[in-house]
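Please read the structure below before turning to the comments.
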Amino acid sequence: MKFTTTFLHLLLIFATDAVYGSHNYATVATNGQPFPWAERRLPDNIFPVHYNLLIHPNLTTLKFTGSVKIEVDVTHNTNTVILHSKHLQIVKASIEDEMDDSSLGVALQVLEYPPHEQIALLSANTLLAGKKYFVYLSYAANLSEGFHGFYKSTYPSKGGETRILASTHFEPTSARMAFPCFDEPAFKANYSITIRRGAEHIALSNMPKVKTVHLGDGLYEDHFDISVRMSTYLVAFIVCDFKSVSKMTSTGVKISVYAVPDKWNQTHYALEAAVKLLEFYEKYFNIYYPLPKQDLVAIPDFQLGAMENWGLTTYRETSLLFDPQTSSVSDKLWVTLVIGHELAHQWFGNLVTMEWWNDIWLNEGFARYMEIVSVEATYPELQADDYLLGTCFAAIGRDSMNSSRPITTAAESPTEINEMFDTVSYEKGACILHMLRSYLSKDVFQSGIVRYLRKYSYRNAKNEDLWNSMANTCSDEDFTSGEFCYSSNQAFKNRYKYGGEHLDLKTMMNTWTLQKGIPLVIVDQQDNIVRIRQERFLRGIFPTDPVWPSLQEGYLWHIPLTYITSNSRNIQRHLLETKSGVIDLRGNVSWIKFNTDMNGYYIVHYEGDGWDKIIKLLKENHTLLSHKDRTHLIHNAFQLVSAGKLSLDRALDLLLYLRFETHNVPLLQGLGYLETIFRMIEKAGNPDVAQNLKNYILKYFQDVIDKQTWSDEGSISDRRLRSEVLNLACDFDHPMSVKKANELFKEWVRSNGTLSLPTDVIMMVYSVGAKSAEGWDFLLEKYKISLSGAEQSKILSALINTKDVDKLLRLLHMGMKEDTIRMQDLPSAIYSVAINPVGHSLAWNFVKKYWNELVEKFELGSNSIRTIIIGTTSHFSSKEDLNEVKMFFESIKEHSSQLRATQMCLENIEKNIRWLERNLETLKTWLLKNIMGF
């Protein structure tokens, strides 16, 4: 057999590299040659130490050029350098050793393998283990048209001119779209970044600028200080013409908030919040923020909420900017939480990074939880602690489906990695951390995470590293000072005293992170003896189903239970490590309530007359339970209906106490379930039942509606309740509410939109106004010129509330064409159209028709695609719907087979079908019985 010299050379390279893994010769580069690496993950024979990166974007041609010099350490002899590159045209590549051996500094052959987004640099000379080398690459590319890599963003100036900027978003796997790199979180390195720009722009990066060099012809070169050691996905740079406000923290960190010039006046609240929150974290973690500055930048085009780039966090405008004239109290809470989330990442994720994406929850679960802890501490008036209930309810909604996944899940491809950024990583991660903090105590929890952060600073960590740190809270200072702590020899099996029992921390937490799902604790109280048992909680799948035993097999959680009783409000504790157990209560106990304040991540079902006792208690004196316990009971009752454990009429009976409820959280929880049932019944084609339910809601909550004022007065709790209740009242055509909204809308129109409406009621005023053709057109024009993202969001929701199908379709097409409606807002627009009773079929048909275009705009596996799939089908509840969705997923099998979202979608439709089959008649009967009571 005759081989070309190139092929023989490659065979020699394969022989040299054999130690790093088996090679699949079917892995072929774009030029037809064998590619010398077959794995998705990069080999571990070369590690980057330092990147010297030069970027030159041209905002006229929308292209950029770059060069990078990567200092690398070689750990095993090799003739190849494998690294990541995506959509980059490599112009030149070379390698030199630390002695500047010119024989190595010659042009190298570059092979590309797009399926793995990798390139291989082939060296005729062997790179020797233990030596340092410098990899040089120069390249060119287009600015990305999407939201990842180095991408283009635009905004209109007040004068109508379209301004262009370039910004980065690299997480999880898009740094490779901006420069060739070792684009995996464990390949941490330092970065020296230089950016060329025009005189009319500024450049920002992770570190402060150290100098600017004038190159002539209006071109400038900004040099930034060398960065701390970090992962590629945290690198960031921006070229723009933004303006900023700045302030120093008490420890000397410069905080700056940037926005487009016309929105500069909306940056001040974010600056105040960022300073407060960063100072809180420095004290809480007992570790100073390691950079001299922290920039927060509002990007006009941004797919997600925000991104934690170290020292240069980026945000969607609605997640950072606050306009007192148009932003509601809920908007203020959202902005504060998002800033808290991204600043928490400066420690969890940036300082300590997960080793691989399978443990992304170590970043996101902590950031989601710490955002609530930090905002509760710094802005107690915002009542962020109540937000945690909704966070855990969302986690349970996802985790109670068989299509859920363990918190720690294998993920290799970019699509699989993208799908890891979901409710399980964020919300469930936050909730199990809250459970752990509640049981270990706040102080022990804090000591454990401080130890974790200190031990793994500028390094990578795994799931077990966190538990080992939590289980060993000693520091060097503890040993020398004689302070009490848990010593290192207890790290593997630390025994925290827990209600007279022992808690094996690592074993316990593995049951929450390494298996999917959520436990159901079944309680059977007979006088002072309480028998408890656990099983896996599943909605839409019942014990009578043939698959039930297989779906329960092997599931066991170590559940740290809490409870209060009629005899004592003091929290009692019991660790359930087996399938069942017994608790012997003292004295005569009339009722017992488990999962106190919902500090645990589990559902509770009270067998026998247990729910009757709870319903009686709420009816007679609901204040014996905290508002969190009342909210938890409402949530559990309706979850148990979906699981076939509790009849719908008993869950509805429980809500009857709400006429006496004064706290907004349980009141809104109950209203939310009634509204959800109404939406499903309405779309399922049961108009009589839907009308009866609407009438019941309006009559039963008449007093609550009548108490609301059309103002911004009252506490945060009062204001949230006002917004939600009046919005529902207007949506249900409550006469007095609609009349008031119409009056305010007409006044606003007469002022040409200059009248300042109360921010808490803007949404419903716009929605009622949009019902007329003239009002809809007026709002659309205001949407086009508004400088407030919060206002635009409210206007768009109002526009989508129309019953005119042609207008809905027009809005969707505007989003597809990026005509007035930005691409970033298209997924939420599709979702909102699907919620509209006249729009759910329209939204689904639109998704089917434009599926390929949507996948091009938004990455497969992204949160946007997940929102589109699940949002457009969430209220489907017939077998015809199910078959149609199955057929569509089959027609796009190349995409759908890669997505968990398709499994979630189908399972949710099946659950809805079964819910209606089991509960529709019960609902009809209950409504007829209770409507007669008015």
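Criterion applied to A270, A298 was being touching a Leu at 6+ places or on another chain (Cβ under 9 Å), in a helix (DSSP H, G or I) and touching a residue at least 40 places away in the same chain (Cβ under 8 Å), and the one residue passing it is A270. Only one of (1) over 26 Å from the mean Cα position of the chain (by Cα); (2) under 30 Å from L671 (Cβ atoms); (3) of a type in the set (D, E, K, R) is not met by D760, so which one is it? Tallying (1) over 26 Å from the mean Cα position of the chain (by Cα); (2) under 30 Å from L671 (Cβ atoms); (3) of a type in the set (D, E, K, R), D760 fails exactly one: (1). Considering K924, K911, K857, the condition of being surrounded by fewer than 18 Cβ atoms within 10 Å (Cβ to Cβ) and either of a type in the set (V, I, T) or on the phi < 0 side of the Ramachandran plot (or both) is satisfied by K924 alone. Filtering region 181-203 to residues that are touching a Ser or Thr at 6+ places or on another chain (Cβ under 6 Å) and surrounded by 20 or more Cβ atoms within 10 Å (Cβ to Cβ) leaves C181, D183, P185, K188, Y191, I193. Scoring A461 on the criteria (1) in contact with a strand residue (DSSP E or B) (Cβ under 9 Å, 6 or more places away or on another chain); (2) under 30 Å from H627 (Cβ atoms) leaves a single failure, condition (2). Within region 136-149, the set of residues being out of contact with any His (no Cβ under 8 Å at 6 or more places or on another chain), surrounded by fewer than 23 Cβ atoms within 10 Å (Cβ to Cβ) and not in a loop (DSSP other than H, G, I, E, B) comprises Y136, S138, Y139, A140.
The condition of being buried (at least 20 other Cβ atoms within 10 Å of the Cβ) and either touching a residue at least 40 places away in the same chain (Cβ under 8 Å) or part of a helix (DSSP H, G or I) (or both) holds for only one of S457, S447, S438, that being S447. Restricting attention to region 41-79, the residues that are of a type in the set (A, V, I, L, M, F, W, C), surrounded by 16 or more Cβ atoms within 10 Å (Cβ to Cβ) and closer than 30 Å to G198 by Cα total 7.
Checked against (1) without any contact (Cβ under 8 Å) to a residue 40 or more places away in the chain; (2) closer than 23 Å to E535 by Cβ, A395 passes all but a single condition, namely (1). Which of the residues belonging to region 868-901 are polar (S, T, N, Q), part of a helix (DSSP H, G or I) and over 18 Å from K849 (Cβ atoms)? Answer for region 868-901, where residues must be polar (S, T, N, Q), part of a helix (DSSP H, G or I) and over 18 Å from K849 (Cβ atoms): just N883. Per this entry, T820 is counted among residues that are in contact with a helix residue (DSSP H, G or I) (Cβ under 6 Å, 6 or more places away or on another chain) and surrounded by fewer than 16 Cβ atoms within 10 Å (Cβ to Cβ). Scanning region 586-603 for residues that are within 27 Å of the chain's Cα centre (by Cα) and not small (G, A, S) yields a total of 8.
Are any residues in region 345-365 closer than 15 Å to E412 by Cβ and assigned to a helix (DSSP H, G or I), and if so, which ones? W357, N358, D359 - these are the residues of region 345-365 that are closer than 15 Å to E412 by Cβ and assigned to a helix (DSSP H, G or I). If a residue must be assigned to a strand (DSSP E or B), surrounded by 24 or more Cβ atoms within 10 Å (Cβ to Cβ) and out of contact with any Asp or Glu (no Cβ under 9 Å at 6 or more places or on another chain), how many such residues does region 162-180 contain? Qualifying residue count for the region: 3. Going through I339, I417 one at a time, which residue ends up being within 14 Å of the chain's Cα centre (by Cα), more than 21 Å from Y452 (Cβ to Cβ), outside the structural domain of I762 (by TED's automatic domain parsing) and surrounded by 23 or more Cβ atoms within 10 Å (Cβ to Cβ)? Only one candidate qualifies: I339. Restricting K158, K211, K152 to those that are among the basic types (K, R), surrounded by 17 or more Cβ atoms within 10 Å (Cβ to Cβ) and not assigned by TED's automatic domain parsing to the domain that holds Q294 reduces the list to K152. Among the residues making up region 673-723, those that are assigned to a helix (DSSP H, G or I), closer than 23 Å to K332 by Cβ and among the polar types (S, T, N, Q) are S717, S723. Selection over region 598-611 of residues that are touching a residue at least 24 places away in the same chain (Cβ under 8 Å), farther than 19 Å from A643 by Cβ and out of contact with any strand residue (DSSP E or B) (no Cβ under 8 Å at 6 or more places or on another chain) gives a count of 0.
The values are calculated or read from the model by the stated rules, or taken from the named source; none is laboratory data. Everything numeric in this text was worked out from a predicted model, so none of it was measured. As a convention, Cβ positions derive from the backbone with ideal geometry for all residues, glycine included, and neighbour counts pool all protein chains shown.
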